[in-house]
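In what follows, a single structure is set out as structure tokens and then discussed.
The values are calculated or read from the model by the stated rules, or taken from the named source; none is laboratory data. Bear in mind that the values here come from a model prediction, so they are computed numbers and not experimental data. Every residue, glycine as well, gets a Cβ built from its backbone with ideal geometry; the counts of neighbours run over all protein chains shown. Keep in mind that these areas ignore ligands, DNA and RNA; they rest on the heavy atoms of the full protein, side chains included. Shrake-Rupley method; radii C 1.70, N 1.55, O 1.52, S 1.80 Å.
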Amino acid sequence: MNEKFSKAAIIGVGLIGSSLARALREAGLAETIIGFDQSADVRARAVGCGAVDAAVQTLKEALGGADLIVVSTPVGAVAEILAGVAKEAEPGALVVDVGSVKGAVVNAAAAISTRAFIVPCHPVAGTEQSGPEAGFAALFRDRWSIITPLPRQDEEYLAAVARAAGVWRAVGAHVEIMDHEHHDLALAITSHLPHLIAFTLVGAADDLESVTEAEIVKYSAGGFRDFTRIAASDPVMWRDVFLNNKAAILEVLGRFSEELALLQRAIRWGDADTLESVFARGRTLRRAIVAAGQEKDVPNFGRDEKD
Ligand code: NAP
């Protein structure tokens, strides 16, 4: 039986916040869904597109009476919002965030005192779009949501972790629980490094004076365009990811540079065996991702042939 909330407050009504708002409504989990965002324009658009029932102008108004609080701003704003939670949230309220980095959120939660229950979460689901119109209820379906609990073992807190897991399951996600250090390292390799590579590739193409932008666009089907989808992601969100997951990203970046140097050497010396064996690992991993239902088994990423 899913827990029903009387008032869900969505703080930051962008892609993820508005998707969760829609999913909560679709699953019948909240009687009222209120949005708060720093931007008046986003607040109006969130109501206009039906993502939330109403939007309020202050964090205090949003938090008052809320029994479910979703913090869905960029990671850099989470500490300030949790400080507001410490002052204004109702005792017993369940507070989940959705930030892509968890160590920073766990540390921010540890720095405040509140009778609400903060459960750091990361739904591993998203698109390159931003804003309230980009959200959709099915975003979390069959995706993983990772919970990185605070270092507390009391019964009340463990019950709150179970409540948060219940919310994610009710919107169609699978739940995994792990410590925040492990999360930040795992996501550094599966999400943060791929974004860094995509941003770097697009930057390198932009700087290549002898190849024109028109040519890059024209021949992008050779692989480049698939990186541009990732590189089109929200710059503020990604700025905060790299500022807040420094150690883990530098660790995986070091390993990536070593792999790159290995391939550079293999190309220089015509080492066919090394090239082939490194490239073959790509197919094996791709098959495992498809077999796990995290991607559809369609050629060309499901694009029409004419695309
Ligand atoms: P988004 O579409 O840009 O939405 C974030 C919203 O938060 C924006 O409307 C922003 O307003 C607002 N905001 C920023 N600071 C605020 C503050 N102090 N108080 C109130 N509102 C504030 O971003 P998103 O993609 O939904 O990402 C939100 C969170 O989800 C991030 O922590 C991200 O790491 C995480 N996440 C993202 C994805 C993904 O693929 N996008 C996946 C999983 C998790 P302005 O536009 O005016 O700045």
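Summary of values
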{"quantity": "Close pairs (7 angstrom Cβ cut-off, 6 or more residues apart or separate chains): farther than 14 Å from A221 by Cα and open to solvent by less than 80 Å² (accessible area, probe 1.4 Å) in the stretch 290-307, β-branched (V, I, T) and modelled with pLDDT of 90 or more anywhere", "calculated": "E295/I289"}
{"quantity": "Residue ranges of helices (runs of 4 or more DSSP H) in the stretch 1-81 with at least 2 members within 13 Å of the ligand (Cβ to nearest atom), in the same structural domain as W144 (by TED's automatic domain parsing) and closer than 21 Å to R239 by Cβ", "calculated": "15-26, 40-48"}
{"quantity": "Filter result for T148 (crowded, with 17+ Cβ neighbours inside 10 Å, of a type in the set (S, T, Y) and either under 27 Å from E295 (Cβ atoms) or within 16 Å of the ligand (Cβ to nearest atom) (or both))", "calculated": "yes"}
{"quantity": "Strands (runs of 3 or more DSSP E) lying entirely in the stretch 88-171 (those with 1 or more residues that are touching a Gly at 6+ places or on another chain (Cβ under 7 Å) and in contact (Cβ under 8 Å) with a residue 60 or more places away in the chain)", "calculated": "121-124"}
{"quantity": "Condition check for R281: open to solvent by 100 Å² or more (accessible area, probe 1.4 Å), part of a helix (DSSP H, G or I) and closer than 22 Å to P194 by Cβ", "calculated": "yes"}
{"quantity": "Any hit, the stretch 251-267, residues being over 30 Å from G76 (Cβ atoms) and modelled with pLDDT under 95", "calculated": "no"}
{"quantity": "Failed item in (1) surrounded by 14 or more Cβ atoms within 10 Å (Cβ to Cβ); (2) under 21 Å from G17 (Cβ atoms); (3) among the charged types (D, E, K, R), with D184 passing the rest", "calculated": "(2)"}
{"quantity": "Which listed residue, of P120, P132, is assigned by TED's automatic domain parsing to the domain that holds G17, touching a Cys at 6+ places or on another chain (Cβ under 9 Å) and either under 28 Å from A292 (Cβ atoms) or not acidic (D, E) (or both)", "calculated": "P132"}
